[in-house]
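Novice: Quick one: the structure is below, and I'll ask about it shortly.
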Amino acid sequence: MEASLTEPSEFIQRDRSIHPAAFTPEYKSSVLRSPRLPLLSVQNSLSEVTGPVFGHGDLNPIDNDLILNYAKTGEPIGERILVHGHVRDESRRSVPDTLVEFWQANAGGRYRHRNDRYLAPIDPNFGGCGRTITDANGYYFFRTIKPGPYPWRNHVNSWRPAHIHFSVFGSGFAQRLITQMYFEGDPLIWKDAMIKIIPDEDAVRRLIAPLDLNAAKPLDMLA
């Protein structure tokens, strides 16, 4: 079902042809995580769809600056980057005042998490997480360090390309979307097991952020 851009529908059917199947043995974690029974569609209540409401007063001024929001004895090590974009719905309308959360590994490819045993060191000045709220046009940005790739136990010599995780809320928790962003030109993208299970190449390309050399101006807002 195709939604009109001039008369957006309340419900838009998901195009499942671009999504990987829940059970994909090539991605070993899916074997334990995928459901064994058919999913049930449950009608959301009004409170689930409309609340809670996130406001700028709920955030600290540097929540969207991962270079400073965990710094203790100095600034983190790594290539500084600015990530920015727009949150839009299925009808390509801007989504204002929505909470965007992000988390990532440090420049060496290690997460600040007790279960991450990768040999790369933990950066004492980098927490690897932040959040922001979109403006009236659905625009967001944050400053961070480019994350490093890291090996994982999917198969022998399996590496995850550099990526940043995103959590995007609509008007309530029931509308939460979790996804990942990759970096243009990374040769590990097309060798990644998670990428390989996505059946639509165009869908993969939409996950890859192009280099934007004209995005330096917002850095003045964080200086």
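The values are calculated or read from the model by the stated rules, or taken from the named source; none is laboratory data. Keep in mind the model is a prediction, meaning the values are calculated, not measured. Quick reminder, even Gly has a Cβ in these numbers, built from the backbone with ideal geometry, and neighbours come from all protein chains shown.
Novice: Considering only residues that are closer than 13 Å to residue 81 by Cα and assigned to a strand (DSSP E or B), which ones fall in the stretch 141-167?
Specialist: Answer for the stretch 141-167, where residues must be closer than 13 Å to residue 81 by Cα and assigned to a strand (DSSP E or B): 141, 142, 143, 144, 145, 163, 164.
Novice: Within 25 Å of residue 62 (Cβ to Cβ), touching a Gly at 6+ places or on another chain (Cβ under 7 Å), surrounded by 14 or more Cβ atoms within 10 Å (Cβ to Cβ) and modelled with pLDDT of 95 or more, is that true of residue 162?
Specialist: Against the criterion (within 25 Å of residue 62 (Cβ to Cβ), touching a Gly at 6+ places or on another chain (Cβ under 7 Å), surrounded by 14 or more Cβ atoms within 10 Å (Cβ to Cβ) and modelled with pLDDT of 95 or more), residue 162 qualifies.
Novice: Additional query: Which number in (1) of a type in the set (Val, Ile, Thr); (2) under 20 Å from the mean Cα position of the chain (by Cα); (3) over 18 Å from residue 167 (Cα atoms) marks the one condition that residue 73 misses?
Specialist: It fails just one condition, (2).
Novice: Could you run through the stretch 56-79 and say how many residues are closer than 19 Å to residue 180 by Cα and either modelled with pLDDT under 95 or outside any loop (DSSP other than H, G, I, E, B) (or both)?
Specialist: Result for the stretch 56-79: 1.
Per-residue answers, yes or no, for (1) in contact with a Gly (Cβ under 6 Å, 6 or more places away or on another chain); (2) of a type in the set (A, V, I, L, M, F, W, C); (3) closer than 27 Å to residue 203 by Cβ; (4) exposed (fewer than 13 other Cβ atoms within 10 Å of the Cβ):
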| site | (1), (2), (3), (4) |
| --- | --- |
| 30 | no, no, yes, no |
| 37 | no, yes, yes, yes |
| 63 | yes, no, no, no |
| 108 | yes, no, no, no |
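Novice: While we're here: Here is a list of conditions, (1) surrounded by 13 or more Cβ atoms within 10 Å (Cβ to Cβ); (2) part of a loop (DSSP other than H, G, I, E, B); (3) modelled with pLDDT under 90, and residue 49 meets all of them except one; can you say which number that is?
Specialist: The number of the failed condition is (2).
Novice: Then there is this: Taking the stretch 119-159, which residues are of a type in the set (Ser, Thr, Tyr) and either buried (at least 17 other Cβ atoms within 10 Å of the Cβ) or over 19 Å from the mean Cα position of the chain (by Cα) (or both)?
Specialist: Scanning the stretch 119-159 gives 132, 134, 140, 144, 150, 158.
Novice: Determine which single condition residue 195 fails, assuming it passes every other condition in (1) in a helix (DSSP H, G or I); (2) surrounded by fewer than 19 Cβ atoms within 10 Å (Cβ to Cβ).
Specialist: Unmet for residue 195, out of (1) in a helix (DSSP H, G or I); (2) surrounded by fewer than 19 Cβ atoms within 10 Å (Cβ to Cβ): (2).
Novice: To continue, here is another question. Need the failing condition index for residue 7 against (1) in a loop (DSSP other than H, G, I, E, B); (2) more than 27 Å from residue 131 (Cβ to Cβ); (3) at pLDDT 80 or above, just the number.
Specialist: If we test residue 7 against (1) in a loop (DSSP other than H, G, I, E, B); (2) more than 27 Å from residue 131 (Cβ to Cβ); (3) at pLDDT 80 or above, just (3) comes out false.
Novice: Restricting attention to the stretch 112-133, and to residues there that are among the polar types (S, T, N, Q) and at pLDDT 95 or above, which single residue is nearest to residue 72 (Cα to Cα)? Spell out how you get there, then give the answer.
Specialist: Filtering the stretch 112-133 for residues among the polar types (S, T, N, Q) gives 115, 125, 132.
Cutting the leftovers down to at pLDDT 95 or above gives us 125, 132.
Details: 125: 6, 132: 21 Å.
For the stretch 112-133, the residue satisfying everything is 125.
Novice: Considering only the stretch 99-111, I want to know if a residue exists there that is within 24 Å of residue 12 (Cβ to Cβ) and either modelled with pLDDT under 95 or part of a loop (DSSP other than H, G, I, E, B) (or both).
Specialist: Checked against the condition, which is being within 24 Å of residue 12 (Cβ to Cβ) and either modelled with pLDDT under 95 or part of a loop (DSSP other than H, G, I, E, B) (or both), the stretch 99-111 yields at least one hit.
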